[in-house]
Each structure stands twice: as structure tokens, then as C-alpha cells.
1. If only one of 617, 647 is at positive phi and without any contact (Cβ under 8 Å) to a residue 40 or more places away in the chain, which one is it?
2. Tell me yes or no: at least one residue of region 240-262 is part of a helix (DSSP H, G or I), farther than 17 Å from residue 53 by Cα and within 22 Å of the chain's Cα centre (by Cα).
3. Under 8 Å by Cβ, and 6 or more places apart or on different chains, what pairs join a residue from region 499-522 that is under 20 Å from residue 326 (Cα atoms) with one that is assigned to a helix (DSSP H, G or I) and β-branched (Val, Ile, Thr)?
4. Could you identify the single residue in 440, 476, 453, 446 that is part of a helix (DSSP H, G or I) and in contact with a strand residue (DSSP E or B) (Cβ under 7 Å, 6 or more places away or on another chain)?
5. Which numbered condition trips up residue 290, out of (1) assigned to a strand (DSSP E or B); (2) more than 29 Å from residue 461 (Cβ to Cβ)?
6. Is it true that residue 104 is out of contact with any Lys or Arg (no Cβ under 7 Å at 6 or more places or on another chain) and either without any contact (Cβ under 8 Å) to a residue 40 or more places away in the chain or not in a helix (DSSP H, G or I) (or both)?
7. Would you mind stating whether residue 324 is under 32 Å from the mean Cα position of the chain (by Cα), more than 30 Å from residue 188 (Cα to Cα), assigned to a helix (DSSP H, G or I) and modelled with pLDDT of 95 or more?
Amino acid sequence: MANRGKYYITTAIAYTSGKPHIGNSYEIVLADSIARFKRAQGYEVFFQTGTDEHGQKIEQKAADAGITPKQFVDNVAGTIKGLWDLMDTSYDKFIRTTDDYHEKQIQKIFKKLYEQGDIYKGHYEGLYCTPCESFWTESQLVDGKCPDCGREVAPAKEEAYFLKLSKYADRLIEYINTHPEFIQPVSRKNEMMNNFLLPGLQDLCVSRTSFKWGIPVDFDDKHIVYVWLDALSNYITGIGYDCDGNCSDLFKKMWPADLHLIGKDIIRFHTIYWPIILMALDLPLPKQVFGHPWLLQGDGKMSKSKGNVLYADTLVDFFGVDAVRYFVLHEMPFENDGVISWDLMVERFNSDLANVLGNLVSRTVSMSNKYFGGIVENTGVSEPVDDDLISVVTAAKGIVEEKMEKLRVADAITEIFNVFKRCNKYIDETAPWVLAKDEANKPRLAQVLYNLAEGISIGANLLASYMPSTSEKILAQLNTSARELDSLDKFGEYPSGNKVVEKPEMLFARIDPEKFKEKVEAYEAANAPKQTEDKKEEAKEEYITIDDFCKVQMKVGKILACEKVEESSKLLKSTVKIGSETRTILSGIAKYFTPEQMVGKKVVVVTNLAPRKMLKGKYTSEGMILAAEDENGTLSLLTVDGETQDGGSIS
């Protein structure tokens with residue numbers, strides 16, 4: 001196959017604060033499927049992943065564990081690399097931000113940007129979220145908490161160096177507008193433009209002095225380089241970028257990256273901070289940044305405290321590597337979050353893998369052995385029913401390529417399984433067991449089995465990027481080798497006269513749901529979070545007296561008008577009539593309700609909260625509209641039915 005050029009793909013580097021759950025592992029499998037497919041198309045692929053190993057959170061975790069930060073990240077990085085290897089991912093480079101060459105280049109980059117005036121020294125005073133390692137202003141908080149993770153923030157003030165984001169903002173806006181493919185999906189682009197770029201950028205803090213676990217600023221050793229300048233630059237240091245101009249041949253060939261594949265939660269860092277860093281270094285921008293959705297646990301967001309975290313190695317123990325790869329790739333929508341649960345995995349395993357695929361291969365190989373001693377022959381005895389099978393099978397390659405070009409990986413896999421489903425239907429249409437009863441039908445029976453072997457072979461070749469081990473096993477059972485992608489739209493390439501294996505291997509044995517449920521219950525019982533007596537005491541609800549409750553005044557309010565707050569993606573501003581008075585109330589519920597849905601509702605309002613200034617004092621919120629949150633984080637307003645008048649007291 002002719003070389004179609006280079007293709008450089010990266011994942012976000014995994015943060016070494018702990019073992020990644022299956023939602024984190026999804027990204028590396030997704031990237032691997034894209035890298036494998038690009039190789040099949042004839043691209044010279046370089047696939048980089050790795051670990052992000054500096055920061056205050058790691059320093060704290062290492063101290064809690066009684067070891068050095070380097071010992072801590074060595075342990076976790078080893079775990080992460082082991083998981084990526086377990087999932088059969090074909091990365092070319094695993095970078096660690098504690099690698100010497102990376103640290104030296106980060107120091108050079110920092111100094112270069114400082115000397116050319118893109119980094120300057122000042123001080124930072126704001127509200128700091130340790131888990132996100134981000135500073136926020138009061139106006140950026142949502143309900144007084146970090147807008148990214150929802151956790152508590154704490155006041156912090158320290159001397160710091162800053163990157164002049166504002167200097168490059170207009171240039172970045174123009175670039176995004178003239179390169180519509182740069183940020184995908186489009187919804188992520190709109191979010192970045194409307195919520196961050198167009199309102200105006202604040203300069204970015206790029207150093208810290210309040211902790212030590214980071215890369216020292218070599219000309220001011222009181223400071224360490226802040227995590228995002230350090231972490232994001234891995235995409236160039238890992239392929240040999242040198243700030244002094246002595247870049248490697250690999251860098252010269254591979255940069256700019258063709259695809260940064262990342263989670264939607266860090267899209268801002270990759271489409272605002274990273275492009276501006278590259279502009280300041282006078283380097284081309286990556287061609288595309290794709291912010292994929294999240295894979296959520298079936299009963300809500302994964303949480304170690306809930307004991308509902310699923311890990312890739314655990315799922316592999318239950319289902320096998322390729323079954324897990326199939327599930328996470330097939331069940332993730334293009335833009336919306338996907339869901340994983342034990343029940344759903346069992347259902348997909350039995351219906352798609354055992355029934356549609358495994359049973360198809362087993363039946364075809366078994367019938368070839370039973371009727372022809374394993375010999376598969378193209379006799380040319382065709383009938384009209386063959387035409388639709390051939391049409392579906394030969395069209396699949398083009399459809400899969402089209403879907404992959406748009407990164408619609410789940411749709412590509414669906415198309416491949418449509419091939420297998422069509423083969424199963426063909427068995428029902430042709431009924432080989434009926435043909436076998438009459439010796440005169442033997443040439444036709446042979447052709448039917450040849451068509452099945454060829455259809456399965458093409459499907460198995462297409463499957464190689466997503467389920468590589470399964471693809472190899474299928475081709476081995478058909479006793480044939482892998483083909484080039486370009487040939488998979490031609491029907492009849494399977495060697496006539498070939499002999500399949502005598503005893504087909506069971507690819508995916510059906511799972512008994514009841515027995516499986518017992519295994520899962522035993523596993524969950526053995527791995528349930530263990531609480532000490534002290535923690536159990538802490539977990540008890542703190543009771544209040546009736547006097548405490550009576551201090552809270554709640555009344556019925558009718559929403560007369562509602563609008564979005566332009567300065568915030570999360571706030572709605574409601575005009576609420578409460579008896580004879582009208583109040584303005586700001587609520588962080590724009591993710592769940594449109595202004596149109598709010599108008600006319602009778603809601604429960606806490607009326608004796610002190611008025612709260614928000615968004616730098618531009619707005620004042622005069623109460624709180626109550627809502628209920630379920631375990632999935634979905635909100636429902638507390639509303640009042642019937643003829644209750646606004647202003648009525650809740651008691």
C-alpha cells in the first residue's frame with residue numbers, strides 16, 4: 001500500500017494521582033483504534049501517550065503515603081502503562097513529564113517565553129481548587145465552588161509568573177473561525193468561543209511557589225513551572241522538540257499533530273492555552289482537537305467513596321480484552337456521554353459478540369467441515385439472493401472509512417457488525433442444511449459457504465482496528481491472512497480451495513446472567529469501601545432541631561420571566577413574584593433548564609437568605625430556588641401544584 005503521509009495522534013497524558021478507571025481507559029482504546037485504522041490506510045503513524053506527574057495534589061498524596069513524590073509517580077505511572085498494555089494499545093511513545101529531556105525543554109521554553117516578553121512576573125490572588133490545580137475569581141465560581149469539579153476552593157495569594165494570553169487572543173479567534181475543523185465536535189468550539197474567548201481572556205498563571213513538586217524555573221528557583229505549561233508541552237517534547245532549534249527529524253516530520261484526542265473536561269486547556277503557547281513559540285497549531293464525551297457508570301458518576309468505580313483490568317477478568325474494547329468503543333455516542341454497567345455489558349456480550357459474531361463464525365466453519373471436509377470452494381453457482389449480501393459486504397469498507405474520517409468510531413463498528421448480521425441473515429435465506437439434503441445442490445451449497453467465508457473474512461479484516469485479537473482469531477479459523485484495506489471492497493479474494501480449521505474455537509461463550517450476577521455480587525462485596533468507626537461516625541447525618549428548621553423561610557414563588565446570564569454558561573436569572581413583592585434570583589441550573597421551561601412555574605423559594613452579589617457585583621441574587629438532585633446529578637425543580645397562590649408559606 002502506498003504511503004499516504006504522516007499521522008501524529010496523541011491522547012491526554014494521564015494524571016498520576018491514582019489508578020485510572022474505565023472512563024479514563026476509554027480514551028487510550030479510542031486513540032488506538034484510530035491509530036490502527038490510519039496505519040491500515042497507509043499512513044505513517046506516530047501514536048503518543050503518557051503520564052502527567054507534577055503538581056500539588058501529587059505532593060500531598062505522596063506525603064500521605066509516606067514516600068517521595070517521585071516514588072509515588074513511579075508506582076502510578078507503572079500501573080497506568082500496565083493498563084494501556086493490557087488493553088492491547090499500539091502506542092509508539094509513552095512519555096512521562098518527569099523524564100529528564102522533557103524537564104530540560106520545559107525550562108528552556110519557560111525562559112524563552114520570559115525573555116521575549118510573553119511571560120512576566122506578578123502575583124496571584126484568587127480562589128484555588130487543589131484537585132483541578134486551577135485559580136478562579138469569585139465571579140467564575142458556581143454556587144461558591146469550582147466551576148469545573150464542584151469542589152471547595154480556598155483563598156490563595158502568591159508571587160507568580162503569567163503568560164500573556166490576551167496578547168494572542170484575537171489571533172486565536174481568527175484561527176478558529178478560519179479553521180472550522182480545529183475544534184470538534186462543533187459544540188465544544190461554540191463553548192470555547194462564547195464562554196471564554198469572546199468575553200476576554202485573563203492572563204494565565206504559569207508558576208507556583210506554594211509547593212515544590214514541579215520543574216524548577218531555572219532562573220528563579222523559588223518558582224516551579226505550573227502544571228499546564230509543563231503537561232501540554234509533552235506533545236512536542238516527546239517527539240524531539242528543542243527550544244534552541246536543534247529539533248529531531250521525528251519532530252520535523254510529525255509536527256503539527258494531526259489529532260489531540262482528549263476528554264471534554266480539558267478542552268479549554270487544549271484549545272486556548274496550548275495554541276497560544278505554540279503561537280508564542282512560533283510553531284504551527286495542531287490540525288484538530290477532539291473533545292470526546294465521558295463514559296459514566298450506570299448508577300451515576302464513578303466514585304471511589306460509592307464503591308462503583310470500574311477498572312479496565314477488572315472488566316478484562318470478567319469479559320476479556322476485546323470484549324471490553326468493543327463495549328467502550330461501541331457504546332460511546334459522538335457527542336453525548338455513554339453509560340457502562342454490568343448488565344449492559346452482559347447484554348452486549350451475549351447479543352453482539354456471542355450471537356451475531358461468535359455463532360456466525362462457528363456455524364460457517366462447522367458447516368464447511370461437515371459438508372466438504374473443511375474445503376471452501378468458489379463454484380460460481382450464484383443466485384439473486386447473493387447480490388444483496390455482496391452489496392452490503394463490499395460497501396462496508398467505504399462507509400467505515402467515511403465514519404472514521406469524522407471520528408465516528410461507534411458508527412464504524414456498527415457498520416462492521418451490519419456485515420456480520422447480513423451474513424447471519426444469508427444463512428437463514430439460503431438454508432445450507434436444506435441444500436445439503438440433495439447431492440445435486442452441492443455446487444450451490446459450496447458457493448453459499450464460500451460467500452459466507454468471504455463475507456466474514458472482509459468483516460474480520462475491517463474489525464482489526466477495534467478488536468485486533470478477535471480479528472486474528474477469525475482469520476486463523478478461516479485459515480487466511482490479513483488483507484490490505486484497499487482490497488476490502490472487492491468480493492471473491494478469499495482463496496478458493498482453502499481449508500478451514502477442523503475444530504472452530506469458541507470466540508465468545510454466552511454468559512448466564514444469573515450466575516454472572518452472583519459473581520459480580522461476590523466481587524463487589526469483596527471490594528466494597530471499608531469504613532473505620534471514626535469515618536462511620538463522620539458519615540452519620542447531623543441532626544438539627546425544629547428551632548433550626550423554623551429559621552428557614554420558604555414561600556411559593558411564580559416565575560414571571562427568565563433569561564440566560566451572558567457572562568456565565570451555568571446561570572439563569574429569574575424574575576420571581578412572591579406575593580406582593582418581586583425578586584431577582586440567580587440559579588446555576590442552565591445546564592438542566594431553558595428560560596422558556598422556567599417561565600410560569602410555581603417554585604419553592606428560600607426567602608430569608610442574605611442577598612448575594614455575583615459576577616463582580618453586576619448582579620444580586622435575592623433568594624434560592626430549591627431543586628432536587630438524583631444520584632445521576634439530574635436536577636428537578638421543587639414545584640407546587642394546584643391553586644396555591646404565590647407568596648404562600650411552606651411549613
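1. It is 617.
2. Checked region 240-262: no residue is part of a helix (DSSP H, G or I), farther than 17 Å from residue 53 by Cα and within 22 Å of the chain's Cα centre (by Cα).
3. Note: pairs meeting the criteria are 507/361; 507/470; 507/474; 511/346; 513/346; 516/346.
4. On the way: 440 fails: in contact with a strand residue (DSSP E or B) (Cβ under 7 Å, 6 or more places away or on another chain); 476 fails: in contact with a strand residue (DSSP E or B) (Cβ under 7 Å, 6 or more places away or on another chain); 446 fails: in contact with a strand residue (DSSP E or B) (Cβ under 7 Å, 6 or more places away or on another chain).
Residue meeting the stated conditions: 453.
5. (2)
6. Taking the combined requirement at face value, the residue satisfies it.
7. Numbers: under 32 Å from the mean Cα position of the chain (by Cα): yes; more than 30 Å from residue 188 (Cα to Cα): no; assigned to a helix (DSSP H, G or I): yes; modelled with pLDDT of 95 or more: yes.
Judged against the criteria, residue 324 is not a match.
Matching residues to (1) outside the structural domain of residue 613 (by TED's automatic domain parsing); (2) within 30 Å of residue 80 (Cα to Cα); (3) in contact with a Pro (Cβ under 6 Å, 6 or more places away or on another chain); (4) at pLDDT 95 or above:
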site	(1), (2), (3), (4)
93	yes, yes, no, yes
98	yes, yes, no, yes
101	yes, yes, no, yes
115	yes, no, no, yes
120	yes, no, no, yes
132	yes, yes, no, no
139	yes, no, no, no
143	yes, no, no, no
149	yes, yes, yes, no
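The values are calculated or read from the model by the stated rules, or taken from the named source; none is laboratory data. The structure presented is a predicted model; accordingly, all values stated were derived computationally and were not measured. Counting neighbours? That spans all protein chains shown, and the Cβs are built from the backbone with ideal geometry, glycine included.
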